[in-house]
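The values are calculated or read from the model by the stated rules, or taken from the named source; none is laboratory data. Note that the structure is a prediction, hence the values are computed from the model and not measured. For neighbour counting, all protein chains shown are included, and Cβ atoms are generated from backbone atoms with ideal geometry for every residue, glycine included.
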Amino acid sequence: MADEHFGLPVGFLYAGAPTVYGSLWAVNDFSTALLMSKVYEGLEKEGKSKASALREAQLWLRDLTAGEALALVQEKEAELQERMAWEDIPPFRRELQLHEENERPFAHPYWWAAFQCVGV
C-alpha cells in the first residue's frame with residue numbers, strides 16, 4: 001500500500017478495517033442513503049460480496065426511476081428520518097416530483113460512480 005494515494009479509506013485500512021466504502025467526490029446525502037441502503041440489503045439479505053453489493057447498488061441507482069424512488073421514500077420514510085435530518089427529506093421528495101415518473105434522475109454517473117469498495 002506504500003505506493004497508493006493516502007486518503008481517508010487507506011487510513012481506515014491501516015487502522016485495521018478490512019473494507020472501506022468511500023467516495024471519490026462529494027455526493028448528496030439522499031442518493032448516498034439510497035445507494036448504501038441497497039448495498040447493505042445486498043450484503044445482509046442476499047449474501048453478496050462487498051464489491052458485488054456495491055456494483056449492483058450502483059446499477060440499481062443508475063436505473064431507478066423517479067416514480068420508484070418516490071415510492072421508496074414514502075415506504076421508508078420512518079427509516080430515513082432516523083438516518084437523516086427530517087428537514088432534508090421533503091426537498092428530495094419535491095425534487096423527485098419534478099421529474100416524469102419514468103425519468104431516471106440518478107442516471108448520470110455523478111450520482112453513483114463516485115463510490116468504491118477498498119479492501120477485502
Checklist line | Output for the range 91-106, where each listed residue is closer than 14 Å to residue 61 by Cβ and of a type in the set (A, V, I, L, M) | finding: 96
Item checked: Candidates 73, 27, 39 - the one that is in contact with a Phe, Trp or Tyr (Cβ under 8 Å, 6 or more places away or on another chain) and in contact (Cβ under 8 Å) with a residue 24 or more places away in the chain -> 27
Check: Of all residues in the range 25-58, how many are assigned to a loop (DSSP other than H, G, I, E, B) and closer than 22 Å to residue 68 by Cα?
Finding: 4
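Any residue at all in the range 102-110 that's of a type in the set (Gly, Ala, Ser), under 15 Å from residue 32 (Cα atoms), at pLDDT 90 or above and assigned to a loop (DSSP other than H, G, I, E, B)?
Yes, the range 102-110 contains a residue that is of a type in the set (Gly, Ala, Ser), under 15 Å from residue 32 (Cα atoms), at pLDDT 90 or above and assigned to a loop (DSSP other than H, G, I, E, B).
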Checklist line | Search result, residues across the range 1-35 that are modelled with pLDDT of 90 or more and in contact with a Leu (Cβ under 9 Å, 6 or more places away or on another chain) | finding: 19, 20, 21, 22, 27, 31, 34, 35
Next item on the list: Among the numbered conditions (1) under 14 Å from residue 114 (Cβ atoms); (2) aliphatic (A, V, I, L, M); (3) surrounded by 16 or more Cβ atoms within 10 Å (Cβ to Cβ), tell me where residue 66 comes up short.
Entry: (1)
Next item on the list: Give the range 6-24 a look and list any residue that's surrounded by 15 or more Cβ atoms within 10 Å (Cβ to Cβ), of a type in the set (A, V, I, L, M) and in a helix (DSSP H, G or I), or say none.
Entry: 10, 13
Margin query: If I ask for residues that are at pLDDT below 80 and closer than 15 Å to residue 27 by Cβ, which ones from the range 84-101 would you list?
Written below: 84, 88
